[in-house]
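All remarks here apply to the structure that follows.
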Amino acid sequence: MSGKLSKSTSHRVETNIVHLGRNPSENAGVVNPPVYHASTILFDSYAEMKERQKNEMTPENIVYGRKGTPTSFAFEKAVAQLEGGDHAFAVSSGLGALTTAILAFVSKGGQILIPDSVYPALRFFCNEMLVPLGIEVGYYDPRIGADISTRLQDNTQIVMVESPGSVTFEIQDLPAISAQAHKKGAVVILDNTWASPLFNKPFGLGVDISIHAATKYIVGHSDVMLGVIVTKKEHYNRLKNCVYHLGQCAGPDDLYLGQRGLRTLAVRMKQHEASAIAVAKWLESRPEVSHVYHPALESHPDHALWKRDFTGSSGLFSFLLEEGITEEQIAAMVDHMELFGLGHSWGGYESLILPKHLNSIRSVTDFDSDKTFIRLHIGLENVDDLILDLDKAFGRLKNA
Ligand SMILES: *Cc1c(COP(=O)(O)O)cnc(C)c1O
């Protein structure tokens, strides 16, 4: 019975997510998969060792802790199935997932195209690690759409996409960009962290490889660093080699918490979505706020594109304060929040607030560099309590 349930992925997503990558009947009936702490794996004989090393790694055929254990395979299989990919690789962090996937496809003399709204740490990796290796890095306007064709060259190896973009939340036209990239033989790698594997199904939109900072929504409790690379089967071997050569893997307890986070992902995402939209709409009505950047709001310039490609929105968005707000006023606002924590990352159950300046992290799109974006992550607290906390914060802003 339990074996049958664990193998079925034919139900609705909230049901599948409860069972993916889990098989109690193979595990003495214990509900959750065991955590294997392993480096050495013993073989019965030299002949068996040679045979097993020749074959593909699977939960039944493991040879060394770094190359996968039943714990990593369980998590990887669950995420791949949930997102609609063929395979997944778990690695040490979200940034590690991005850099590993990129290194699998670039070579000296090649070019990578990056949206200007990319996760900033990836910009620094490209500029400081890829450029010295002789790889061209080009930045493009995330709203470029099919005009990406004007930026593609014979040596373009990767088109990176991130939708929505970091801090400013541009939605990218993934089918249009992918179609052009594929004409030139480039692979399209998406950072899908914001949507989680639930709200954007990238493989149907032309994306080749999808990355998640599992640190965020998949784990969901702000206690683990974890990344995952999900791929179509065409790119499996190349990615696998790169993961192996870079020595990428993830710790067993972190993988365990990743698969445990999945069980509640669907209910958590629904709450993040509903509360974030409520807070975003409340902010739109406030005189202190000049603009709210949330793709599920009708006021968002890419709302139609978001509606076409996404099935939901998450808890992360940003807003701009009215002109002329000083750093002192911003400090008065964010320093004394009762419920919103001041800190990096997001995707956990707790709400976070983070002032952001774009000066050093944009190079081809125009933003008023003196303006401060306030990025919010809306957690699982009662939404009226969160709005009250923000209301009091605006009071401090005025009086500072
Ligand atoms: C946080 C984040 C990452 C990096 O993930 P880490 O696990 O912190 O390394 C990558 N992309 C996006 C969009 C992120 O928000």
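The values are calculated or read from the model by the stated rules, or taken from the named source; none is laboratory data. Not measured: the values here are computed from a predicted model. Here the Cβ is made from the backbone with ideal geometry for all residues, glycine too, and neighbour counts use every protein chain on show. Note: accessible area is taken over every heavy atom of the protein model, side chains too, but ligands, DNA and RNA are not part of it. Shrake-Rupley method; radii C 1.70, N 1.55, O 1.52, S 1.80 Å.
May I ask which of Lys108/Lys371; Lys54/Lys183; Lys67/Lys270; Lys108/Lys183; Lys184/Lys232 have a Cα-Cα span longer than 29 Å here?
Numbers: Lys108/Lys371 38 Å; Lys54/Lys183 36 Å; Lys67/Lys270 35 Å; Lys108/Lys183 21 Å; Lys184/Lys232 18 Å.
Where the Cα-Cα span goes over 29 Å, the pairs concerned are Lys108/Lys371; Lys54/Lys183; Lys67/Lys270.
Tell me which aspartates and glutamates have Cα within less than 20 Å of Lys201's Cα, excluding those fewer than 8 residues away on the same chain?
Cα-Cα hits under 20 Å: Glu14, Glu76, Glu83, Asp86, Glu162, Glu170, Asp173, Asp191, Glu234, Glu273, Asp302, Asp309.
Any idea of Ser149's accessible area? Nearest 10 Å², probe 1.4 Å.
50
Carbon-plus-sulfur fraction of the accessible area of the chain, 1.4 Å probe, in percent? It would help to have the intermediate numbers written out before the result.
Numbers: 9020 of 17200 Å².
Roughly 52 percent of what the probe reaches on the chain is carbon or sulfur.
List, in order, the whole-Hz ³J(HN,Hα) value for each residue of the stretch 392-400 obtained from phi through the Karplus relation with A = 6.51, B = -1.76, C = 1.60 and θ = phi - 60°; use x for Gly and Pro.
Result, rounded to whole Hz: 5, 5, 5, x, 5, 4, 5, 7, 6.
So for Thr58, Thr215, what's the accessible-area order with a 1.4 Å probe, most first? It would help to have the intermediate numbers written out before the result.
On the way: Thr58 45, Thr215 10 Å².
Largest to smallest exposure gives the sequence Thr58, Thr215.
Using the eigenvalues of the Cα gyration tensor, what equivalent ellipsoid semi-axes result for the stretch 1-98 when each is taken as the square root of five times the eigenvalue, whole Å, largest first? Walk me through the intermediate numbers first.
Working: eigenvalues 132, 65, 30 Å².
For the stretch 1-98, the semi-axes come out at 26, 18, 12 Å.
So how tilted is helix 94-103 from the main axis of the chain? Cα-based, degrees 0 to 90, rounded to 10.
60
Treating only the Cβ of Lys, Arg, Asp and Glu as charged (+1, +1, -1, -1), what charge dipole size does the chain show about its Cα centre? Round to the nearest 20 debye.
Numbers: 37 positive and 46 negative charges, 296 e Å.
Charge dipole, the chain, about its Cα centre: 1420 debye, nearest 20.
Angle, helix 174-183 long axis vs. longest principal axis of the chain, Cα atoms, 0 to 90°, nearest 10?
For 174-183 against the chain, the angle is about 50 degrees.
Using the Cα atoms of the stretch 275-360, I'd like the radius of gyration and the largest Cα-Cα distance, Dmax, both in angstrom.
In order Rg, Dmax, the Cα atoms of the stretch 275-360 give 13.9, 41 Å.
Provide the percentage of antiparallel DSSP beta bridges, counting only those with both residues in the chain; round to the nearest 5. List each step's numbers first, then the result.
Details: 27 of 45 bridges.
Here the share of antiparallel DSSP bridges comes out near 60 percent.
Would you list the P(r) distribution for the stretch 192-307, with all Cα-Cα distances sorted into 10 Å bins from 0 and each bin expressed as a whole %?
Calculated P(r), rounded to whole percents: 12, 32, 33, 17, 6, 0.
For the stretch 24-35, take each phi angle, set θ = phi - 60°, evaluate the Karplus expression 6.51 cos²θ - 1.76 cosθ + 1.60, and give the result in whole Hz per residue in order, putting x for glycine and proline.
Each residue's phi maps through the Karplus curve to give x, 5, 8, 9, 6, x, 5, 4, 9, x, x, 9 Hz.
Work out how much length Ala47 to Asp86 would gain on full extension: take 0.36 nm times their residue separation and subtract the Cα-Cα distance, in nm to one decimal.
Extra length available between Ala47 and Asp86 comes to 10.9 nm.
Can you tell which of Gly29, Gly145, Gly21 shows the greatest fluctuation in a Gaussian network model of the chain with Cα springs below 10 Å?
Comparing Gly29, Gly145, Gly21 in the GNM, the peak value goes to Gly29.
Any chance you could give the angle, 0 to 90 degrees and rounded to 10, that helix 236-245 forms with the longest Cα principal axis of the chain?
Value to nearest ten degrees: 90.
Working from the alpha-carbon coordinates of the stretch 330-400, get Rg over Rh, Rh being the Kirkwood radius. Don't skip to the end; give the middle numbers.
Details: Rg = 13.5 Å, Rh = 13.3 Å.
Looking at the stretch 330-400, the ratio lands at 1.02.
Using protein chains only and a probe of 1.4 angstrom, how many square angstrom of Met129 are accessible, to the nearest 10?
Approximately 110 Å² for this residue.
Taking amide H atoms as placed 1.01 Å from N in the peptide plane, list the residues 5 or more away in sequence, or in a different chain, whose amide H sits under 5 Å from that of Ser290.
Counting only residues 5 or more places away or on other chains, the set is Leu320, Leu321, Glu322.
Would you compute, from DSSP H runs of 4+ residues alone, the mean residue ellipticity of the chain at 222 nm, taking -39500 (n - 2.57) per run and dividing by the full residue count, rounded to the nearest 500?
On the way: 14 runs with 141 residues, N = 400.
Mean residue ellipticity, 222 nm, calculated: -10500 deg cm²/dmol.
I'd like the accessible area for Glu288, computed on protein heavy atoms only with a 1.4 Å probe and all protein chains in place. Round to 10 Å², please.
For Glu288, solvent-accessible area is about 20 Å².
Averaging the inverse of every distinct alpha carbon separation and then flipping it gives the Kirkwood radius. What is it for the chain, in angstrom units?
Details: mean 1/r = 0.0451 Å⁻¹.
Result for the chain, one decimal place: 22.2 Å.
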